Structures are given as C-alpha cells and as structure tokens.
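If you scroll down you'll find the structure; I have some questions about it.
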Amino acid sequence: MCRGPGIVVLILSWIITLFSFWQLIQLHERIPNRRFNRYHELGQAAFGQTRGLWIVVPLQLAVELSVDILYMVVGGQALQNIYNMNCSHDCPLSNLGENPYRRTYIWILVFASVYFLLVQLPTLSSLSKISLAAAIMSIG
C-alpha cells in the first residue's frame, strides 16, 4: 500500500490551513474599531454583506461536512481494527462476507451511533458520568 501521496496531501492541507489562519490573524484588526473573528465576517468586509456570505458560507459548510465524514470513517476503521486485534476469526463480526467494505461500513455506523448518543448530552460535565461508567467497566 502506497502511503506517500496521502502524507503529502495531509501536509499540504495542513500548510493551507495554517496559511488561512495566518491571513485571518493578519486581518483581525486591519480596519480600526472592527475585529474579524470569523471567516464570514471577513468575507462580508471584503465582498459586501450579501455576497460575502454567499462566497464564504458554502465553502465553510463543505469543509465541515468533509471533516465530519472523515471523522466518521476514521473512527469506524479504528473500531474495526481494535475489534480485529482483540478477537479471533471465529467472532460474530469477523466474517461478514467477502467484501471488506461491508465490514467497514458496519463499524462506521456503530461509531456514528455512539457519537450521535454522546452529542445529545447537554454539557461536557455530563461526560463525567460516562467516564465513571467506563472506569468501572475497565476495572470490572
């Protein structure tokens, strides 16, 4: 498996993100008494109130959607790898057919379901109950 191009694309995307953040920092207080804390505010100042939103917001949504999809896929693959490392070939989820993608999407759905339940918690302090339950299960 060739990993070189993936690493190059990852480093390139990191450089582009770093450059975007640097631009936002440079323009943070460029206009006196006006701060640009968000990209859409910067777009509105550069392109106008309406056109700035139409240029920046779709790009932000595309990036957020891409990151969410990537997060779900990587999380599902991580769960699948953890399961495969801890289980022999006679486990119920080890042989779900010949297609390896079939097994992966099931783990992506498991990860997404757990993630969906966790985001329903009202505050981060609610995670303390989950951490306590996880600690008890680890000890048990």
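The values are calculated or read from the model by the stated rules, or taken from the named source; none is laboratory data. Keep in mind that this is a model prediction, so the values were computed, not measured. Cβ coordinates were reconstructed from backbone atoms using ideal geometry, including for glycine residues, and neighbour counts include every protein chain displayed.
All but one of (1) small (Gly, Ala, Ser); (2) surrounded by 11 or more Cβ atoms within 10 Å (Cβ to Cβ); (3) at pLDDT 85 or above hold for SER66; state the number of the condition that does not hold.
The one condition SER66 does not meet is (2).
Being small (Gly, Ala, Ser), modelled with pLDDT under 85 and farther than 28 Å from VAL114 by Cα is true for just one of GLY43, GLY48, GLY52. Which residue is that?
GLY43
How many of the residues in segment 24-41 are surrounded by 11 or more Cβ atoms within 10 Å (Cβ to Cβ) and within 25 Å of the chain's Cα centre (by Cα)?
6
Let me ask another. When you look at GLN44, is it surrounded by 11 or more Cβ atoms within 10 Å (Cβ to Cβ) and more than 25 Å from the chain's Cα centre (by Cα), yes or no?
Working: surrounded by 11 or more Cβ atoms within 10 Å (Cβ to Cβ): yes; more than 25 Å from the chain's Cα centre (by Cα): yes.
Considered against the rule, which asks whether it is surrounded by 11 or more Cβ atoms within 10 Å (Cβ to Cβ) and more than 25 Å from the chain's Cα centre (by Cα), GLN44 comes out as yes.
Quick test for you: out of GLY52, GLY75, pick the one residue that is surrounded by 13 or more Cβ atoms within 10 Å (Cβ to Cβ), assigned to a helix (DSSP H, G or I), touching a residue at least 40 places away in the same chain (Cβ under 8 Å) and not acidic (Asp, Glu).
Sole residue among the options that is surrounded by 13 or more Cβ atoms within 10 Å (Cβ to Cβ), assigned to a helix (DSSP H, G or I), touching a residue at least 40 places away in the same chain (Cβ under 8 Å) and not acidic (Asp, Glu): GLY75.
Quick check: is even one residue across segment 13-23 surrounded by 14 or more Cβ atoms within 10 Å (Cβ to Cβ), modelled with pLDDT under 90 and touching a helix residue (DSSP H, G or I) at 6+ places or on another chain (Cβ under 9 Å)? It would help to see each step written out before you state the result.
Step one: filter segment 13-23 for residues surrounded by 14 or more Cβ atoms within 10 Å (Cβ to Cβ), giving none.
Scanning segment 13-23, I find no residue that is surrounded by 14 or more Cβ atoms within 10 Å (Cβ to Cβ), modelled with pLDDT under 90 and touching a helix residue (DSSP H, G or I) at 6+ places or on another chain (Cβ under 9 Å), so the answer is no.
Sticking with this structure for a sec: Considering (1) modelled with pLDDT under 85; (2) of a type outside the set (Ser, Thr, Tyr); (3) surrounded by fewer than 10 Cβ atoms within 10 Å (Cβ to Cβ), say which one LEU93 fails and leave the rest.
(3)
Quick check on segment 108-123: of everything there that is modelled with pLDDT of 85 or more and touching a helix residue (DSSP H, G or I) at 6+ places or on another chain (Cβ under 8 Å), which residue is surrounded by the fewest Cβ atoms within 10 Å (Cβ to Cβ)?
Among residues in segment 108-123 that are modelled with pLDDT of 85 or more and touching a helix residue (DSSP H, G or I) at 6+ places or on another chain (Cβ under 8 Å), the one surrounded by the fewest Cβ atoms within 10 Å (Cβ to Cβ) is LEU109.
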